[in-house]
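The block underneath contains the structure these notes are about, expressed in structure tokens.
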Amino acid sequence: MKLTFKGGIHPYEGKELTMDKDVIEYVPKGDMVYPLSQHIGAPAKAVVKKGDRVLVGQLIAEAGGFVSANIHSSVSGTVKAVEPRLTASGSKVNSIVIENDNQFEKIEYVKNEKPLAELTKEEILEAIKNAGVVGMGGAGFPTNVKLSPKNADEIDYIIVNASECEPYLTSDYRRLLDETDKVIEGLRLALAIFPKAKGIIAVEDNKPKAIQKLKEVLGNDPDIKVNSMKTKYPEGAERQLIYANTGRYINSKMLPADAGCIVHNVDTVYSICEAVRQGKPLIQRLVTVTGDAITEPCNYLVRIGTSFAELIEAAGGFLQDPEKIIAGGPMMGKAIYDLNIPVTKSSSAILCMTKDEVSEYEPSNCIRCGRCVEVCPGRVMPNKLATLAEQGDLEEFQKLNGMECCECGCCSYVCPAKRHLTQTIAGTRKAILANRKK
Ligand code: SF4
Ligand code: SF4
């Protein structure tokens with residue numbers, strides 16, 4: 001039986017545009033922008049000022065608290081400003097702006113070739129922290145913090161989320177195929193922190209080449225197995241992924257560690273390997289630039305801080321005027337209206353589409369077809385929740401488990417009345433969370 005979860009949808013995949021193309025390293029030309037908040041937690045604190053010369057790999061902002069992350073320059077050049085700049089979130093964030101001198105002079109990285117058994121847990125965590133590694137699947141949670149749960153003895157699994165279930169995205173797939181050894185080594189380093197944890201690399205079955213390559217490299221490894229999961233969106237959502245691979249269930253009040261699991265994205269485990277083995281900070285990532293409005297869709301190896309505008313130009317520019325540009329995938333990404341925003345540690349894709357099907361239709365009344373309930377992986381009733389949200393009935397919304405929604409977008413996708421279900425539910429969830437913080 002295929003590993004999966006209840007609910008979910010099968011949207012057009014769009015992965016054929018980029019999945020079989022070689023990764024291209026993009027060399028940035030213009031100014032680089034490094035938002036001090038590009039991770040969950042406290043913003044980083046700038047340790048450089050206007051006029052300072054910096055090198056590739058140099059620390060330019062240090063973690064501003066326990067849950068925070070260091071930021072490093074990905075180019076050599078001169079600090080031009082520390083000022084608010086627009087980001088993919090739609091808001092301006094205090095950022096370090098560096099004038100790129102196009103020399104790419106770098107600091108020396110200190111390698112660590114010790115056998116795994118001789119590396120201490122503290123050494124591994126320190127290297128990850130120093131390198132500013134954060135969750136690169138979108139959440140941006142500092143990785144050293146995630147790898148330091150209170151119940152380290154109770155962690156049974158580290159799951160590498162290689163499902164890449166969002167349509168169009170293929171950067172994780174390319175990493176798996178092109179850097180298989182480093183992805184596996186990153187997972188081994190993470191496993192070395194926990195006394196009894198085993199590794200799972202969870203891949204959707206629409207990536208047979210990646211599954212085959214991982215199995216070939218791992219052989220009969222006693223500590224790491226490769227799981228082939230049913231291709232279905234949102235197979236890579238944390239709760240659905242944990243359920244599909246371990247049968248364990250978590251709700252919105254629990255962390256994966258409460259169910260004995262830690263989940264990392266593919267590029268994150270790759271970056272753990274780079275940080276510990278090469279002493280290399282997180283200054284580059286893979287970004288899928290794609291969609292039917294792009295001339296040459298491809299995966300790019302991009303220096304953090306590069307502007308979206310430069311990357312689109314690198315991909316041959318627009319084939320046709322895009323109606324919608326999204327930072328991330330079509331289901332959970334954010335629509336953007338200005339291309340002068342930087343690639344951050346969690347920028348997985350730029351998707352440019354000639355048609356915006358969502359805004360083409362006006363929402364109409366619910367016809368009680370039940371499709372939204374059928375596909376909801378959060379096991380809630382999106383139709384009722386959206387109505388309660390529209391009525392402002394926050395109490396009943398919570399009673400009907402509205403907080404269990406993971407904002408996957410499946411309900412909006414299938415709704416024949418084109419109700420803005422996800423958007424409405426997500427807005428109410430945010431309001432409730434903000435009230436709880438007060
Ligand atoms: S209610 Fe939330 S979890 Fe359920 S389908 Fe809609 S967006 Fe996804
Ligand atoms: S899918 Fe749309 S029309 Fe059908 S029950 Fe849900 S909200 Fe109503």
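The values are calculated or read from the model by the stated rules, or taken from the named source; none is laboratory data. Since the model is a prediction, treat every value here as computed from it, not as a measurement. Neighbour counts run over all protein chains shown; Cβ positions are idealised from the backbone, glycine included. Heads up: the accessible areas ignore ligands, DNA and RNA and are worked out on the full protein's heavy atoms, side chains in. Shrake-Rupley method; radii C 1.70, N 1.55, O 1.52, S 1.80 Å.
Restricting to the stretch 404-435, count the residues that are outside any helix (DSSP H, G or I) and away from ligand 2 (no atom under 14 Å from the Cβ). Write out each step before concluding.
As a first pass, look at the stretch 404-435 and keep what is outside any helix (DSSP H, G or I): 405-409, 415-420.
Remaining after also requiring away from ligand 2 (no atom under 14 Å from the Cβ): 406-408.
Looking only at that region, the number is 3.
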Of those in the stretch 196-224 that are within 30 Å of residue 10 (Cα to Cα) and small (Gly, Ala, Ser), the residue surrounded by the most Cβ atoms within 10 Å (Cβ to Cβ) is 210
Among 45, 21, 15, 50, the single one that is under 28 Å from residue 330 (Cα atoms) and out of contact with any helix residue (DSSP H, G or I) (no Cβ under 8 Å at 6 or more places or on another chain) is 21
Legend entry - residue 180 vs. criteria touching a helix residue (DSSP H, G or I) at 6+ places or on another chain (Cβ under 6 Å), open to solvent by less than 50 Å² (accessible area, probe 1.4 Å), in contact (Cβ under 8 Å) with a residue 12 or more places away in the chain and closer than 30 Å to residue 292 by Cα: yes
Residue 222 passes all but one of the listed conditions (1) over 21 Å from residue 408 (Cα atoms); (2) not in a loop (DSSP other than H, G, I, E, B); the exception is number (2)
Among (1) at pLDDT 95 or above; (2) surrounded by fewer than 24 Cβ atoms within 10 Å (Cβ to Cβ); (3) more than 21 Å from residue 164 (Cα to Cα), residue 275 falls short only on (2)
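Scanning for something among the β-branched types (Val, Ile, Thr), under 24 Å from residue 333 (Cβ atoms), part of a helix (DSSP H, G or I) and not assigned by TED's automatic domain parsing to the domain that holds residue 288, does the stretch 158-172 turn up at least one residue?
Of the residues in the stretch 158-172, the ones among the β-branched types (Val, Ile, Thr) are 158-160, 170.
Add one more test, that the residue is under 24 Å from residue 333 (Cβ atoms), and what stays is 159-160, 170.
Imposing the further condition that a residue be part of a helix (DSSP H, G or I) reduces the set to none.
No, the conditions are met nowhere in the stretch 158-172.
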Restricting the stretch 406-421 to residues that are more than 16 Å from residue 232 (Cα to Cα) and open to solvent by less than 20 Å² (accessible area, probe 1.4 Å), the one nearest to ligand 1 (Cβ to nearest atom) turns out to be 421
